[in-house]
Amino acid sequence: MIFNISLYLSLIIFSLGLIFKISTWFRYNFELTTQPFTARERFFAAMGGIVATLFSGKVLILLKSLLLDVFCQRRIMRESRLRWVMHMCMFWGFSLLLLMHALEGMLTSNLFRDYAATLNPFLFLRNFFALLVFVGVGIAFYRRFVQKAPRFSTNVMDRYALILLAVIMISGLFLEAAKIVSFERYSRMVTDYADFDEEQDLKALEALWVKDFGVVSPNLTPPFDKELLTRGHELHEMNCAACHSRPQWAFISYGAATILRPAALPLDRSGLVTLLWTIHFLTCFVGLAYLPFSRLFHILATPLNLLINSVMEKGKSHPANIITLQMMALDACTHCGSCTSRCSLAVVFEEIPNPNILPSEKITSLKALASGKPLNEHQITVIQEGLYLCTNCYRCTTVCPAGINLQELWFDVREAVLKRGYPELLVLTPFSMYRGLLSPTVAKADYHQAQKQPMVGIEAVCSALSDPDDPINPAQMDRDFKKQMLSSAKGSTFSYCFTCITCTSACPVVRNYENPREALGMTPHQIIRTIALGVPDLAFRSRMLWYCLGCYQCQDACPQGVLVTDVLTELKNLAVARIKSQNRRTGERS
Amino acid sequence: MKLALQRCCTTPIFLKQYETSTDAILERLGVQLTDKALNCCGYPLKNYNYKAHVIASARNLSIAEERKVNIMTFCNCCYGTLKEVNQRLRADRTLSAEINGKLEKEALKYEGGVEIRHIMEVFYDDLGPERIRENIVKKFRGLKVAVHYGCHILRPRDLVQFKGPGTAAVFDDLVAMTGADLVPWHLQSECCGSAMWGIDDDLSAELTRKKIENARASGADYLCLACSYCHVQFDRVQKRLLDEGRITEPMPTILFTQLLGLSMGIDPNILGIWKNQIDISPILDCID
């Protein structure tokens, strides 16, 4: 009764959850303001794509990908042998347990006419598959909680998934063990299946089962005499052998049964078998109902993503399908951490503790963005910073075992987030080179808007003095700023400057403009002067500071040993720190 | 000889030919390269968060230290960055202690025992001109090449101490060994413009255009360079400028590793001759 109710309940939740999750693949989008396609259009584009693929030569590519990527998991193999062993064990162990054991009524008993769960090879295989899962889960625990690589994070979802798996497996293992030693189970089988009822015969069979099958009996204890056992064996062959192999074949459960043996009788009387059975099926059903909402959803989404990726390509496939695939990819991420372990910038997290730098953690934020969760200005700019802090080295994409095109995902989401109009100072760094190379794929207005925003943001914060021609009021001079620069080894060299303008004459950026003052705000030697005067805002606001190429011509030319380029670098760092902290304060309020 | 190669982050997508040509030449010259564990040198972070740029380089330096190898770079920006951080950490005990505190999580430690070698220095100083000359089997004839140094291989002078044009020019000597004729041009040590690409594309394009025109006016057929950022600028960005009509005639750009590879008789396919955006295959006709 409870079994059926909970089974159907979990199936209903699972199905609804599945429908909900799959619908998000078509509904969700990173660009909340301008949706290029409706969910309906995306759904039909996907269906069209699937039909077109299935009736084309691409089926062969799909089959190849199914074999190599899904069944053999070659992408994990390339990344690490230990993880491949771990995942193959879990994947195959769990899948085979599901097919052979959980679906025995539907599959196994129909395929094999004389199937019985307690008969070999099924008895042995169940334990063998369980062993695979235990090895896999064991390695997973070791990796997450013992080995703990730096910046490798384990979130709540990872824990739930591992705990759920562990409870299902351990309850199943002890359930089988409790059944082996159970006298109550033994008696019920005798009542149901024995075709004899003489007391001596009953005793003979019981003796055999106590001796060879591990039953703990309240009536009999070994040793037994040979004749009794011989008779017991005859009866066993006639009545039981068709359904029962020796329990030693269930090598894990039999071991667990040995542990239970001393307390077997009281445990059996108190209904341990029923209790464990209830725990086992309830956790299975909880797992089933929770699956669409948990990390375990990757069991469905990842193989699908691998297969679809093998036949799709940006530029060739329908653009609606690219968006749909990216939404699906968010569910295909297993949070395994491969991307973060190989990320070219992961170590920077130690200095800029923004988890969005780490690819595996970016995905979490991307999920929030895609679902349209309301985020304040500060939260969005933090995600934006994480998205921009990427060297586009492509390593995450190369190693992702789920085959997600992370590189493309980062670029598309970065552009979508930039459209919201919050200034991103990182646009003023060489991280922008990649964006510049890909600019033909971005709408022109959006591309230039994001380039202009940072200067607007800087001008908004650094507004103490805005015009170099205005007279400076002594009250506006920031003496602490000057002191701060003097305390730095390289920064302090500004004080050697006697304004000879050699730096400005050497600068290729200055030389590029007919009217440098107008184009750049200030020139290098003037920027150096702002430090001595204690008016950093003038320097921070000037385009010259941010358009400095870092080519060191000025520094090598300076007759006074002012480390001009290094001073400019320090100024930029100070400006970034100040603007970031100011924006944080206003952003959190919004 | 064994070296840790600092692969530049721009190469996997845009410049695979720089990786394959470098690997092929160094294999021929008996240099073993390791690279898997290294990360970004930190160059793009320098203006945004100086310490973040330091820890990025420091991690690479400490990994090389652990493996007892020097680091080789084939990008001027990686070269300048690693060198600067190395110098800074050697001098600044407080900073190096702070950085080491963070590297400790990965059981790494920066101790300052590693040197940074530009690929040109590996060729000229570590392997030696004789070794290179021995391996050259074909020579270019009538090929006019403008050698492009760029910035961080030369400046800041006190830091890099690279033998640049005007003194014993390493790059010039190496190009001359392949039989190519050197073309003197006065913008050879200026910035390629890459630093501004994506920030202010007009400024960047203008810097690039001036250099290309100066090289052409000086009679060059090809630019030769040894920096990934410069090459992306002179190849990909130049291609864009040509498509947009901002430059009228292409100035093909060859990586030094491609040039040397050809004269060492390495298969042009391995050198990725056809992977450049602006066609450089006519250069094959200039070789003996």
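Summarised in one figure, the compactness ratio Rg/Rh of the protein assembly as shown, Cα atoms and Kirkwood Rh, is 1.09. Counting only protein heavy atoms and using a 1.4 Å probe, what share of the accessible area of the protein assembly as shown belongs to carbon plus sulfur, as a whole percent? Of all accessible area on the protein assembly as shown, carbon and sulfur atoms account for 59 percent. For B:Tyr110, B:Tyr124, the ranking by accessible surface with the largest value first comes to B:Tyr124, B:Tyr110, using a 1.4 Å probe. Among B:Gln258, B:Gln233, B:Gln87, whose mean-square fluctuation peaks in a Gaussian network model of chain B (Cα, cutoff 10 Å)? Largest GNM mean-square fluctuation: B:Gln87. The listed residues A:Cys284, B:Cys40 rank as A:Cys284, B:Cys40 when sorted by accessible area, largest first, using a 1.4 Å probe. What chain A shows is 48 Å² of accessible area per residue, with the surface traced by a 1.4 Å probe over protein heavy atoms. How far is the Cα center of the stretch A:510-562 from the Cα center of the stretch B:115-154, in Å? Cα centroid to Cα centroid, the span is 35 Å. The packing ranking of peptides A:464-475, A:307-318, highest mean first, is A:307-318, A:464-475, where packing means the average number of other beta carbon atoms within 10 angstrom of each residue. Helix-only arithmetic for chain A: the sum of -39500 (n - 2.57) across DSSP H runs with n ≥ 4, divided by the residue total, places the mean residue ellipticity at 222 nm at -19000 deg cm²/dmol.
Report the FRET efficiency, 1/(1 + (r/R0)^6), for A:Ala194 and A:Ser95, where r is their Cβ-Cβ distance and R0 is 30 Å, rounded to 0.05.
It comes out at approximately 0.20.
Where both bridge residues fall in the protein assembly as shown, DSSP classifies roughly 5% of the beta bridges as antiparallel. Distance from the Cα centroid of the stretch B:30-97 to that of the stretch A:1-63 is 46 Å (rounded to whole angstrom). When you restrict to C-alpha pairs under 8 Å that are six or more residues apart and normalise by the size of chain A, the relative contact order lands at 14 percent.
When the residues A:Lys211, B:Lys16 are ordered by accessible surface, computed with a 1.4 Å probe over the protein chains alone, the sequence from largest down reads A:Lys211, B:Lys16. Report note on the peptides A:47-55, A:166-174, A:579-587: ranked by the mean count of other C-beta atoms within 10 Å, highest first, their order is A:166-174, A:579-587, A:47-55. As a ratio to 2.2 N^0.38 Å, the alpha-carbon radius of gyration for the stretch B:2-119 is 1.04. Our note on the geometry: Cα centres of the stretch A:422-498 and the stretch B:196-245, 26 Å apart. On association of chains B and A, roughly 5000 Å² of accessible area becomes buried (total for both chains; probe 1.4 Å). Direction-averaged projected area, Cα convex hull, the stretch A:192-239: 3.3 nm², rounded to one decimal. Maximal additional length on extending the A:Gln476-A:Ser270 stretch stands at 65.8 nm, based on 0.36 nm per residue less the C-alpha distance. The calculated FRET efficiency for A:Glu313 paired with A:Leu103, based on their beta-carbon distance and R0 = 35 Å, is about 0.45.
Relative to the dominant Cα principal axis of chain A, helix A:524-533 is inclined by about 90°. Volume of the convex hull of the stretch B:117-249 (Cα atoms only), normalised per residue: 115 Å³. Taking all protein chains together and rolling a 1.4 Å probe, A:His101 ends up with roughly 70 Å² accessible. Size descriptors for the stretch A:373-460: radius of gyration and Dmax over Cα atoms are 13.4, 45 Å.
The values are calculated or read from the model by the stated rules, or taken from the named source; none is laboratory data. Predicted model only: the values in this text are computed from it and were never measured. Cβ sites come from the backbone with ideal geometry, for glycine too, and all protein chains shown count toward neighbours. Quick note on the areas: whole protein, heavy atoms, side chains included, nothing else; ligands and nucleic acids left out. Shrake-Rupley method; radii C 1.70, N 1.55, O 1.52, S 1.80 Å.
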